[in-house]
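Undergrad: Here you go, one structure.
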Amino acid sequence: MEDKLNQLRGDISNRLCHDIAPILDEEFDAALWNDDALFNWFMLAKRDTFIDYIAEAVSLDRTIVEKLIVRDTLAWKNAVVNGEARRWDSLREKISARFAVYEKNLNVMRQLSSLCEDKTGYLDVGCGLGFTMMAARELGFQKAHGVEVDQAFANTGLSLIDAGTEGNVGYVFGDFMTENLNPPYSLITFFDVLEHVVDIDQSIDRACNMTPEKGTIFFYQGNSRAIPIVLSEPHYRIPFLTIMPTDIVIKILLKKQRISSPAEYVVNKWPETSVFSKQGWHSAMVSPERNFRSGAEFMSRERAVSAVANFQAQFESEILSYLEADDRPHAQSALDAYVDRFNQKLADDDGDFHTEYLMNSWSIVMARDLEFFDHEFRKNSDASLIALS
């Protein structure tokens, strides 16, 4: 064991010629986010420098970055020591994902803000740690509220709000469907939330009732049928979960020790695009989605076809081998149904194939005023729109 530790220390020392300068090096930056040993060494041995580095990289208040890193590190250590189920394979992945979500949501908020003439109020449903509420205040919204049902998220979010916004944001711990909030809100957002709610239709209906005539609702939603999502479910990083029956999913997660009990499973139901069609509202999907955010968010048709052709072999090793004999036919039937539908949509060769299988996520905007889409959206965004209703 000591020889292995010495080798690890030597490997790290060879990469770091001195303490601070490598931070400015692109090669070091790339290695940091892809190498667990390097990441852990830098975070532990150069803690203050590491926090400064992250805060500058994501343009986030240093106090908030420090609180998040301390929280995530402690949670990870306790999980390892106590042998608890973990959703992430490494601390590097956990922290990296944390700040990637922040950057994604901040970029979306900047673009949504440019579309909103009315900035009297903003509400984030499933606000998590409160990042978008902080951004809304900085972007000129007079009030910024968020509601979060998860106690652990709320505890941390409330402490971050105190650290970063000087009381200018209203954070509510509770259920969006029952909490007494303070509408109207000219902009309401749902970032990766709908798969967790009990009733998707009722949640969207309540949001519609909280917006004024010129109000806007925005959804950033993972697409459960997209090939990359099928190959790596976003909450647990395990393939094929999004197309399996819930009882099969829970058995796999328990077997792989990603959850300790069925109650810990965080997904209720993945939404279809039909849920965004509401009477009196115009709904549109932003396409190509990468123009509204950053980074490519879709897979090419050729890569998708190639990936599906290799599904069966991966399915047998990643899923079937973890199931009892009685469960295997049900899991196989679910995979076969997905592949059959994929091939049928591919043969139809219409726009539904791209939306359903190639787009990793959907950015969907809802508004009562059709002129919002015809004028304001196109004037302020380089993305095109696919009408849903």
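Undergrad: When you go through (1) at pLDDT below 85; (2) under 25 Å from the mean Cα position of the chain (by Cα) one by one for Leu370, which number turns out not to apply?
TA: So the condition that Leu370 fails would be (2).
Undergrad: Just name the residue that is farthest from Ser363 (Cα to Cα) out of those in the range 180-204 that are aromatic (Phe, Trp, Tyr) and buried (at least 22 other Cβ atoms within 10 Å of the Cβ).
TA: Ranking the qualifying residues of the range 180-204, first place goes to Tyr185.
Undergrad: Answer with yes or no whether Val267 is among the aliphatic types (A, V, I, L, M), under 22 Å from Asp89 (Cα atoms) and touching a His at 6+ places or on another chain (Cβ under 8 Å).
TA: Judged against the criteria, Val267 is a match.
Undergrad: Just need a number here: residues in the range 114-147 that are assigned to a helix (DSSP H, G or I) and either in contact (Cβ under 8 Å) with a residue 60 or more places away in the chain or not hydroxyl-bearing (Ser, Thr, Tyr) (or both).
TA: The qualifying residues number 9.
Undergrad: To continue, here is another question. Of everything in the range 93-119, what is open to solvent by less than 50 Å² (accessible area, probe 1.4 Å), polar (S, T, N, Q) and in contact with a helix residue (DSSP H, G or I) (Cβ under 7 Å, 6 or more places away or on another chain)? Give them in sequence order.
TA: Result: Asn105, single match.
Undergrad: Out of (1) closer than 22 Å to Met210 by Cβ; (2) free of Cβ contacts under 8 Å to residues at least 24 places away in the same chain; (3) part of a helix (DSSP H, G or I), what's the single condition that is false for Asp162?
TA: Every condition holds for Asp162 apart from (1).
Undergrad: So, one more: If a residue has to be open to solvent by 30 Å² or more (accessible area, probe 1.4 Å) and without any contact (Cβ under 8 Å) to a residue 60 or more places away in the chain to count, how many in the range 82-92 make the cut?
TA: Qualifying residue count, the range 82-92: 3.
Undergrad: Take the range 81-99 and flag every residue that is under 21 Å from Val266 (Cβ atoms) and in a helix (DSSP H, G or I).
TA: Asn82, Leu91, Glu93, Lys94, Ile95, Ser96, Ala97, Arg98, Phe99
Undergrad: Spot the failing condition for Ala152; the list is (1) over 28 Å from Trp281 (Cβ atoms); (2) part of a helix (DSSP H, G or I); (3) in contact (Cβ under 8 Å) with a residue 12 or more places away in the chain, and only one is missed.
TA: Tallying (1) over 28 Å from Trp281 (Cβ atoms); (2) part of a helix (DSSP H, G or I); (3) in contact (Cβ under 8 Å) with a residue 12 or more places away in the chain, Ala152 fails exactly one: (3).
Undergrad: Step by step: first the residues of the range 61-75, then only those that are in contact (Cβ under 8 Å) with a residue 60 or more places away in the chain and either over 15 Å from Ala152 (Cβ atoms) or open to solvent by 70 Å² or more (accessible area, probe 1.4 Å) (or both), then the one that is farthest from the chain's Cα centre (by Cα). Which residue is that?
TA: Thr63
Undergrad: Identify all residues within the range 311-342 that are in contact (Cβ under 8 Å) with a residue 24 or more places away in the chain and more than 30 Å from Gln257 (Cβ to Cβ); write none if there are none.
TA: Phe342
Undergrad: Another question about this same structure. Just one of (1) surrounded by 16 or more Cβ atoms within 10 Å (Cβ to Cβ); (2) at negative phi trips up Gly126, so point out which.
TA: (2)
The values are calculated or read from the model by the stated rules, or taken from the named source; none is laboratory data. Model, not experiment: these values are computed from the prediction. Methodologically, a virtual Cβ is constructed for each residue, glycine included, from the backbone with ideal geometry; neighbour enumeration extends over all protein chains shown. Surface areas here come from the heavy atoms of the whole protein model, side chains and all, with no ligands, DNA or RNA. Shrake-Rupley method; radii C 1.70, N 1.55, O 1.52, S 1.80 Å.
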